[in-house]
Amino acid sequence: MASLAFRSVGKTYRIQSGPVQALQDVSFDIADGEFVSIVGPSGCGKSTLLKMCAGLVPRSDGDILVDDRSVTGVQTQMGVAFQDSLLLEWRSVLRNVLLQIESRKLRIEDYEQRARDLLETVGMESFADAYPGQLSGGMKQRVALCRTLVHDPSVLLLDEPFGALDAMTRDQLVLDLGKMWLETRKTAVLVTHSISEAVFLSDRVVVMSGRPGTILDIVSIDIPHPRGIAVRESPQFVEYVTSIGRYFQS
Amino acid sequence: MTAVQQPTPMSDAAQESVGVPARPTFRARAGHGASAFLRRAAKILAIVVVLLLLWKLVTVVFGIRDFLLPPPEQVLEEMWANAAVLWGHTLVTAQEVVVGFLIAAVLGLGCAILMTASQLVARLFYPALVISQAIPKVAIAPLLVVWLGFGQPTIITIVVIIAFFPVAVSGAGGLREVPRDLVMLGNSMGLRGARLFRKIMIPYALGAIFSGLKVGMTLALIGAVVGEFVTGQSGLGYYIQSSSSAFNVAQSFGGIIAIVVLGLVAFKLVELAESLAMPWRREHSAFTASA
Ligand SMILES: Nc1ncnc2c1ncn2[C@@H]1O[C@H](COP(=O)(O)OP(=O)(O)OP(=O)(O)O)[C@@H](O)[C@H]1O
Ligand SMILES: [Mg+2]
């Protein structure tokens, strides 16, 4: 139940050494239930864009609309996965996932089973009682993903949720995410460094330039859902990936 | 049941016989708690005995006369003879330290939280707080006597003033170090204000908070003794001073030993509170502090 709109959004960080322009004139819309990925070189402002969308960082220029209303404060209805897993080392894995519920003053009992199910989906069910200090980077990221999803948010903002994973786990989770999205059709924005992942999951891929980040292209991926693993070998898929990849060859 | 791999729990004897280095190791919670405690106690005892022997050696070799540096057995004898009196003074000092420390901890942490929650308060007070670290707070002890008169309230005030600063500075420093993204994560889940502090910021800063509390506790004892030097009618500082003015050096040394023991106990209590407050550190740090 949510559409997003970016209207000439710009961001300039003011730090001691002077202003840093991270984003410039970013405009695009995301329809309700659409899956959009953002790819672009490191430092082009992708994380910044997500944080502004969630109302966590103020924008410097332009407007961001959620369901046609300007973002002025924190958008707590969203599920945000940060680039770092940001698990709390003093909480067990399960309690880290349930922090989302606790913080929102929802009833923990109502969500514990869902939390465990999510942990199972990402292969972390046997670590429910472990502490983050005992987990690898990829394991932490999987737990963080569960924390992002556990309250069933209406919008997903995912900042490289698979960045620290090995290729095989990553493939599996990408498939799972695709399946889950297809079942629920939530509005989703994914930041990723993997073009093939972006093409595989998305309705559209936003291609951004280096800093200051601007939009180079928005590519519609006309491959019907559901998409199985085999899609990745289709000429159409390969064509999308190579054509987007061309933006990053210098 | 967790699937976390703990290294096979070997007994210490087994470890040594195989020649496996005892540390670093993931230590199981209950594990060898009792034997570790005994080993630590034995170690401390050994250190004490060696120190006493050294002391004795110095007095004999250099032929130091009793009224300058009495031999250890004379000091211990004196302590034993005066045990009840010494214990009474120790309790007085302990009370000042505990009360003063607790007040300083509450005020210091409250101040640290205020400085983190409000930009304005931080801008006004944080620089002053850091600079005030360089000022020897005991210097104002005689002034406090002028303002507040003689007696325990004055001494406790000195303790509070001296112990407050490290608690506030470390606490504020720790709270400032909470990563911005972690705060944003909290915000995105609807955490703000007091709940954000309770669920994320304070637990994150506990390590820094406790290092401030440890310094604060050490300084609290110094504050109490100095306060007793200046205005006490009882307590270990008073005991040492009055013994010294009577040239009873053995008795002074007895007082000093009592202070050392009191200081160790107080410090260990803070450490104990730390490990209770942060069980995840205790259980999951790879390098458990070697005893
Ligand atoms: N809090 C901040 N203060 C100052 N500058 C910042 C801040 N956060 C980000 N920046 C700057 O803004 C730019 C964009 O940062 P951002 O994290 O959004 O990039 P990104 O596209 O997510 O990069 P990556 O792919 O490496 O994660 C960078 O140049 C960065 O230095
Ligand atoms: Mg980023």
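Does A:VAL57 satisfy the condition of being surrounded by 15 or more Cβ atoms within 10 Å (Cβ to Cβ), away from ligand 1 (no atom under 11 Å from the Cβ), within 14 Å of chain B (Cβ to nearest Cβ) and not basic (Lys, Arg)? For A:VAL57, the condition - surrounded by 15 or more Cβ atoms within 10 Å (Cβ to Cβ), away from ligand 1 (no atom under 11 Å from the Cβ), within 14 Å of chain B (Cβ to nearest Cβ) and not basic (Lys, Arg) - is not met.
Among the residues of segment B:115-153, the one identified as touching a residue at least 24 places away in the same chain (Cβ under 8 Å), of a type in the set (A, V, I, L, M, F, W, C) and not in a helix (DSSP H, G or I) is B:PHE150. Annotation note: of A:ALA144, A:ALA198, the sole residue that is within 16 Å of ligand 1 (Cβ to nearest atom), not assigned by TED's automatic domain parsing to the domain that holds A:GLN21 and not basic (Lys, Arg) is A:ALA144.
Kindly provide the set of residues from segment B:168-216 that are of a type in the set (Val, Ile, Thr), buried (at least 19 other Cβ atoms within 10 Å of the Cβ) and either within 16 Å of ligand 2 (Cβ to nearest atom) or within 23 Å of A:LEU106 (Cβ to Cβ) (or both), ordered by number. Don't jump to the end; show me each part of the working.
From segment B:168-216, those of a type in the set (Val, Ile, Thr) are B:169, B:178, B:183, B:200, B:202, B:209, B:215; that's our starting set.
Okay, now just the ones that are also buried (at least 19 other Cβ atoms within 10 Å of the Cβ), so B:169, B:178, B:200, B:202, B:209.
Correct list: B:ILE200, B:ILE202.
Filtered by the rule that a residue be over 20 Å from A:HIS151 (Cα atoms), acidic (Asp, Glu) and within 7 Å of another protein chain (Cβ to nearest Cβ), segment A:67-94 gives a lone residue, A:GLU89.
Could you tell me whether B:ILE200 is of a type in the set (Val, Ile, Thr), within 14 Å of chain A (Cβ to nearest Cβ) and either part of a helix (DSSP H, G or I) or under 30 Å from B:LEU143 (Cα atoms) (or both)? The answer is yes for B:ILE200.
Within segment A:211-248, restricting attention to residues that are among the polar types (S, T, N, Q) and assigned to a helix (DSSP H, G or I), which residue is farthest from ligand 1 (Cβ to nearest atom)? Don't jump to the end; show me each part of the working.
Initial filter on segment A:211-248 (among the polar types (S, T, N, Q)): A:214, A:220, A:234, A:236, A:242-243.
From the residues that got through so far, the ones that are assigned to a helix (DSSP H, G or I) too are A:236, A:242-243.
Numbers: A:GLN236: 27, A:THR242: 21, A:SER243: 21 Å.
The residue in question is A:GLN236.
Restricting the first member to segment A:6-26 and to residues that are over 10 Å from A:GLY45 (Cα atoms) and part of a loop (DSSP other than H, G, I, E, B), and the second to residues that are within 16 Å of ligand 2 (Cβ to nearest atom) and aromatic (Phe, Trp, Tyr), no beta-carbon pair is closer than 9 Å while six or more apart or on different chains. Cβ-Cβ distances below 9 Å connect no pair with a first residue in segment A:161-181 that is outside the structural domain of A:ILE38 (by TED's automatic domain parsing) and more than 15 Å from A:SER202 (Cα to Cα), a second residue that is surrounded by 19 or more Cβ atoms within 10 Å (Cβ to Cβ) and charged (D, E, K, R), and a separation of six or more residues or different chains. The number of residues in segment A:97-122 being within 11 Å of another protein chain (Cβ to nearest Cβ) and either among the polar types (S, T, N, Q) or not in a helix (DSSP H, G or I) (or both) comes to 5.
The values are calculated or read from the model by the stated rules, or taken from the named source; none is laboratory data. Quantities reported herein were computed from a predicted structural model and do not represent experimental measurements. No Cβ is skipped: glycine too gets one built from the backbone with ideal geometry, and neighbour counts run over all protein chains shown.
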